[in-house]
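J.: The structure that follows is given in the form of structure tokens.
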Amino acid sequence: MSGGLKVLALQKEDVSKMLAAGTHLGAGNVNFQMMSYVFKKRNDVSIIDVKKTWEKLLLAARVIASIENPADVCVISSRNFGQRAVLKFALHTGATAIAGRFTPGTFTNQIQAAFKEPRLLVVTDPAADHQAIIESSYVNIPVIAFCNTDSPTKYVDIAIPCNIKSIHSVGLMWWLLAREVRRMRGDTSRIADWEVMPDLYFFREETKEEEEEQAIPEVAPAADAFNAAPAATGDAFALAATTEPAVLTDQPATMIAPPTTFAAKEEWASTEPATTEWGAEGGADWGAETGATDWGSA
């Protein structure tokens with residue numbers, strides 16, 4: 001789709017990048033709709049025609065650049081190999097990225113909070129992102145997909161033949177597509193090289209040291225609310241003149257309760273009530289005889 005223009009022709013540097021990343025290496029099996037992109041077959045490996053890959057890449061870039069609002073372009077990758085590339089592509093082109101699991105009903109269920117109505121869909125793997133492709137067919141959304149020689153092309157409008165099983169190949173294809181989109185929009189000049197390196201689009205596995213650093217968060221020490229000095233209010237010089245100098249001690253400051261405002265209670269132990277000594281003399285003799293009437297006599 002370069003139209004014979006020298007500006008849009010495949011450059012030698014781009015061919016070297018594609019061969020180094022293994023973009024031309026296809027799968028052993030070949031879909032009947034992808035046979036036109038196979039150059040030849042060697043040792044049960046299909047060799048993809050790099051020139052046709054570049055032509056389809058230019059066609060996809062022209063379609064993406066023709067959309068007025070960049071956010072209406074939705075790029076999807078459920079595989080780990082393409083999630084970083086999708087996020088970088090959305091950052092550099094302004095598209096909407098869905099990295100990770102695609103929630104069913106995103107394009108069809110309007111009740112969902114993540115409901116979207118994109119005008120164009122770009123997927124990394126038609127087999128892994130089949131749910132998004134099927135839903136796009138329900139709402140008439142055109143689909144651009146990176147396809148290997150054995151990838152299903154049902155409901156795919158523009159298939160870009162490349163190796164989607166390699167980390168470097170997937171990242172390089174997303175980088176080339178982002179660069180061409182920016183060039184067609186006028187954001188990047190074709191004379192100068194793009195300052196963004198293809199390495200930023202490659203999937204990178206985290207090491208054990210990085211995982212441990214993320215798992216252990218840094219906790220700041222708690223502030224000492226009791227021993228902290230009170231915040232000064234008003235004029236600092238006037239406050240320092242009116243207050244007495246603090247006495248430095250080795251003991252930490254403690255909380256002292258304020259004096260009570262209630263009246264003092266009576267000391268019950270201080271007053272001795274006048275009580276009768278039962279064992280003292282002169283007391284009543286309960287065992288003495290009294291002049292009581294004997295009811296049992298006579």
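Throughout, read-outs are computed from the coordinates displayed, never taken from laboratory work. Remember, it's a predicted structure, so these values are computed and weren't measured experimentally. With ideal geometry, Cβ positions are generated from the backbone for all residues, glycine too; neighbour counts draw on all protein chains shown.
J.: Where in region 93-161 are there chymotrypsin sites (Phe, Trp or Tyr not before Pro) that are in a DSSP coil and have at most 13 other Cβ atoms within 10 angstrom of their Cβ? Mind dumping the intermediate values first?
T.: On the way: sites: Phe102, Phe107, Phe115, Tyr138, Phe146, Tyr155; in loops: Phe102, Phe107, Phe115, Tyr155.
Qualifying residues, ordered by number: Phe115.
J.: Now, a different point. Can you list residues whose amide H is under 5 Å from Asp187's amide H, if they're 5+ apart or on another chain and H is modeled 1.01 Å from N?
T.: Here the answer is none, since no amide H 5 or more places off falls under 5 Å of that of Asp187.
J.: Right, another one. So which GluC sites (Glu not before Pro) in region 115-204 are both in a DSSP loop and have at most 13 other Cβ atoms within 10 Å of their Cβ? Don't jump to the answer; show the numbers that get you there.
T.: Values: sites: Glu135, Glu180, Glu195; in loops: Glu195.
Qualifying residues, ordered by number: Glu195.
J.: Could you work out how far apart the two model spin labels at Leu59 and Glu205 are, taking each label as a point 7 Å from the Cα in the direction of the beta carbon, and quote it in nm?
T.: Those two pseudo-labels are separated by 3.7 nm.
J.: Additional query: Using the Cβ atoms and a cut-off under 15 Å, what net charge is assigned to the surroundings of Gly186, where Lys and Arg are +1 and Asp and Glu are -1?
T.: My count for the surroundings of Gly186 gives +3.
J.: As an exercise, identify the chymotrypsin sites (Phe, Trp or Tyr not before Pro) in region 1-70 lying in DSSP coil whose Cβ has no more than 10 other Cβ atoms within 10 Å.
T.: Values: sites: Phe32, Tyr37, Phe39, Trp54; in loops: Phe32.
The qualifying sites are Phe32.
J.: Here's a follow-up. Express in nm, to one decimal, how much length is gained between Asp44 and Leu5 on full extension, taking 0.36 nm for each residue of separation and deducting their alpha carbon distance.
T.: Working: separation 39, 0.36 × 39 = 14.04 nm, distance 3.56 nm.
Length difference between fully extended and current span is 10.5 nm.
J.: Starting from the eigenvalues of the Cα gyration tensor, five times each then square-rooted, give me the equivalent ellipsoid semi-axes of region 149-192, largest first, whole Å. Spell out each step's value before the answer.
T.: On the way: eigenvalues 129, 41, 8 Å².
That gives 25, 14, 6 Å for the three semi-axes.
J.: By per-residue mean of other Cβ atoms within 10 Å, what is the highest-first order of 91-100, 78-87?
T.: Working: 91-100: 18.5, 78-87: 21.0.
With the highest mean Cβ count within 10 Å placed first, the list reads 78-87, 91-100.
J.: Additional query: As a test, work out the antiparallel percent of DSSP beta bridges whose residues both lie in region 1-135, rounded to the nearest 5. Each step should come with its number before you reach the end.
T.: Numbers: 5 of 13 bridges.
Antiparallel: roughly 40 percent of the beta bridges in region 1-135.
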